[in-house]
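A.B. asks: This is the structure, below, for whatever I ask next.
The values are calculated or read from the model by the stated rules, or taken from the named source; none is laboratory data. The model shown is predicted, which means the values in this text are computed figures rather than measured ones. In this analysis, Cβ positions are derived from the backbone assuming ideal geometry, glycine residues included, and neighbour counts consider all displayed protein chains.
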Amino acid sequence: MASEMTSGAYIKHHLTNMTYGKLPAGAEMCDGTTNEAAHWTLAHCSSEAAQMGFWAFHLDSLGWSLGLGILFLWFFRSAAKKASAGIPTGVQNFAEWVMEFIDSSVRGSFNGRNPLVAPLAMTIFIWVFLMNFMDLIAVDFLPQLAAQIGGAAGADPHHVYFKVVPSTDPNITFGLALSVFALMLFYSVKVKGIGGFIGELTLHPFSSSNPVVQAIFIPINFLLEFVTLISKPISLALRLFGNMYAGEMIFILIAIMYGAGWLLGSFAGVLQLGWAIFHILIITLQAFIFMTLTIVYMDMAHAESH
């Protein structure tokens, strides 16, 4: 695919999602014409996708996220059903090792009592790892397969966009982060009460025994604590997105080198192997960081004296 496009078009193609949304009336189409009536459709170029606005759906990111989530549930359900007290199978050994790893991580970072935290941590770690792992699949393999299927259905293969790494889509990473944030707010209010939660936002870090001075400190404290609070989901989402997006971009740039002759192509093969080996550490580390921060945030939500 890299040899059929310019480098800029190739990069843009691989970084564009398969977008389904409502194209508004008056929107400029890919062929330069104007859309007469608003309708729901697949975007045929990045400009159409941009004009669909916030409520457009990234079908590739949603599809792979859902599929990998189902794979995760199926694997551990199968391992649990086949578990026995006798000699464990390799699958059972792996599942138990993962569960022990998650359990030790939760025990080391979470001091409260909540049966939801360990399953939440396990779901986040495995799900994010699987989404990140898609970055190790050759960048052209699945997009070319999607283009061939789309071409067989009558679509222009160059207009079939298919991103296969959900964690390179900020919509997915923000969805995960905001879900964790919602749980953190829920348990903060549940454990500390409305008064305790508001007190955390308004009575720290500056306090005074003088009521007048304390009243002056309240808006300052709220500003500082609110920024700290909001920064949690934003940093959680952007950290995962930024690292995985950068990794995917490097794979795309290496793939471009394959179309620049046998010498650069051979060098690209060495680079791709080296980056893939190093990237295994990155995808695992990013899943672990996302899980660990989730546990820490849940611990903060349960800490009454925080």
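A.B. asks: With the structure loaded, tell me whether Glu200 is outside any loop (DSSP other than H, G, I, E, B), of a type in the set (Asp, Glu), touching a Lys or Arg at 6+ places or on another chain (Cβ under 9 Å) and surrounded by 12 or more Cβ atoms within 10 Å (Cβ to Cβ) or whether it fails that test.
C.D. replies: Working: outside any loop (DSSP other than H, G, I, E, B): yes; of a type in the set (Asp, Glu): yes; touching a Lys or Arg at 6+ places or on another chain (Cβ under 9 Å): yes; surrounded by 12 or more Cβ atoms within 10 Å (Cβ to Cβ): yes.
Spelling it out, Glu200 is indeed outside any loop (DSSP other than H, G, I, E, B), of a type in the set (Asp, Glu), touching a Lys or Arg at 6+ places or on another chain (Cβ under 9 Å) and surrounded by 12 or more Cβ atoms within 10 Å (Cβ to Cβ).
A.B. asks: Tell me which residues, restricted to region 30-41, are part of a loop (DSSP other than H, G, I, E, B) and either farther than 19 Å from Val160 by Cβ or among the small types (Gly, Ala, Ser) (or both).
C.D. replies: Across region 30-41, the qualifying residues are Gly32, Thr33, Asn35, Glu36, Ala37, Ala38.
A.B. asks: Could you run through region 257-306 and say how many residues are among the polar types (S, T, N, Q) and not in a helix (DSSP H, G or I)?
C.D. replies: Of all residues in region 257-306, those among the polar types (S, T, N, Q) come to 266, 272, 284, 286, 292, 294, 305.
Then keep just the ones that are not in a helix (DSSP H, G or I); that gives 305.
Within region 257-306, residues that are among the polar types (S, T, N, Q) and not in a helix (DSSP H, G or I) number 1.
A.B. asks: Now a separate question. Which residues, taken from region 3-27, are closer than 17 Å to Trp64 by Cβ and of a type outside the set (A, V, I, L, M, F, W, C)? Step through it out loud before you land on a result.
C.D. replies: Taking region 3-27 as the starting set, the residues that turn out to be closer than 17 Å to Trp64 by Cβ are 14-20.
Within region 3-27, His14, Thr16, Asn17, Thr19, Tyr20 qualify.
A.B. asks: Output the number of residues of region 119-143 satisfying the condition of being buried (at least 21 other Cβ atoms within 10 Å of the Cβ), of a type in the set (Val, Ile, Thr) and not in a loop (DSSP other than H, G, I, E, B).
C.D. replies: Of the residues in region 119-143, 3 are buried (at least 21 other Cβ atoms within 10 Å of the Cβ), of a type in the set (Val, Ile, Thr) and not in a loop (DSSP other than H, G, I, E, B).
A.B. asks: Further question on the same structure: Do we find a residue being touching a Ser or Thr at 6+ places or on another chain (Cβ under 8 Å) and modelled with pLDDT under 90 anywhere in region 64-73?
C.D. replies: For region 64-73, residues touching a Ser or Thr at 6+ places or on another chain (Cβ under 8 Å) and modelled with pLDDT under 90: absent.
A.B. asks: Now, a different point. Which of the following residues is touching a Leu at 6+ places or on another chain (Cβ under 7 Å), small (Gly, Ala, Ser) and either surrounded by 12 or more Cβ atoms within 10 Å (Cβ to Cβ) or without any contact (Cβ under 8 Å) to a residue 60 or more places away in the chain (or both): Ala38, Ala9, Ala56? Quick ask: steps written out before the conclusion?
C.D. replies: Numbers: Ala9 fails: touching a Leu at 6+ places or on another chain (Cβ under 7 Å); Ala56 fails: touching a Leu at 6+ places or on another chain (Cβ under 7 Å).
The match here is Ala38.
Residue-by-condition table, conditions (1) more than 18 Å from Phe181 (Cα to Cα); (2) among the aliphatic types (A, V, I, L, M); (3) modelled with pLDDT under 90:
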position	(1), (2), (3)
Phe75	yes, no, no
Ala79	yes, yes, yes
Ala83	yes, yes, yes
Val91	yes, yes, yes
Ser104	yes, no, no
Ala118	no, yes, no
Ile124	no, yes, no
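A.B. asks: From the list His13, His44, which one is outside any helix (DSSP H, G or I), closer than 22 Å to Val139 by Cα and out of contact with any strand residue (DSSP E or B) (no Cβ under 8 Å at 6 or more places or on another chain)?
C.D. replies: Details: His13 fails: outside any helix (DSSP H, G or I).
Criteria check complete, one pass: His44.
A.B. asks: Answer yes or no as to whether Gln272 is surrounded by 17 or more Cβ atoms within 10 Å (Cβ to Cβ) and touching a Leu at 6+ places or on another chain (Cβ under 7 Å). Steps first, please.
C.D. replies: On the way: surrounded by 17 or more Cβ atoms within 10 Å (Cβ to Cβ): yes; touching a Leu at 6+ places or on another chain (Cβ under 7 Å): no.
The answer is no for Gln272.
A.B. asks: Show the residue pairs that are 6+ apart or on different chains and have beta-carbon atoms under 7 Å apart, the first residue being within region 193-220 and over 20 Å from Met300 (Cβ atoms), the second being among the β-branched types (Val, Ile, Thr).
C.D. replies: Listed pairs, sorted by first residue: Ile218/Thr202.
A.B. asks: So how many residues does region 162-186 have that are out of contact with any Leu (no Cβ under 9 Å at 6 or more places or on another chain) and of a type in the set (Phe, Trp, Tyr)?
C.D. replies: 1
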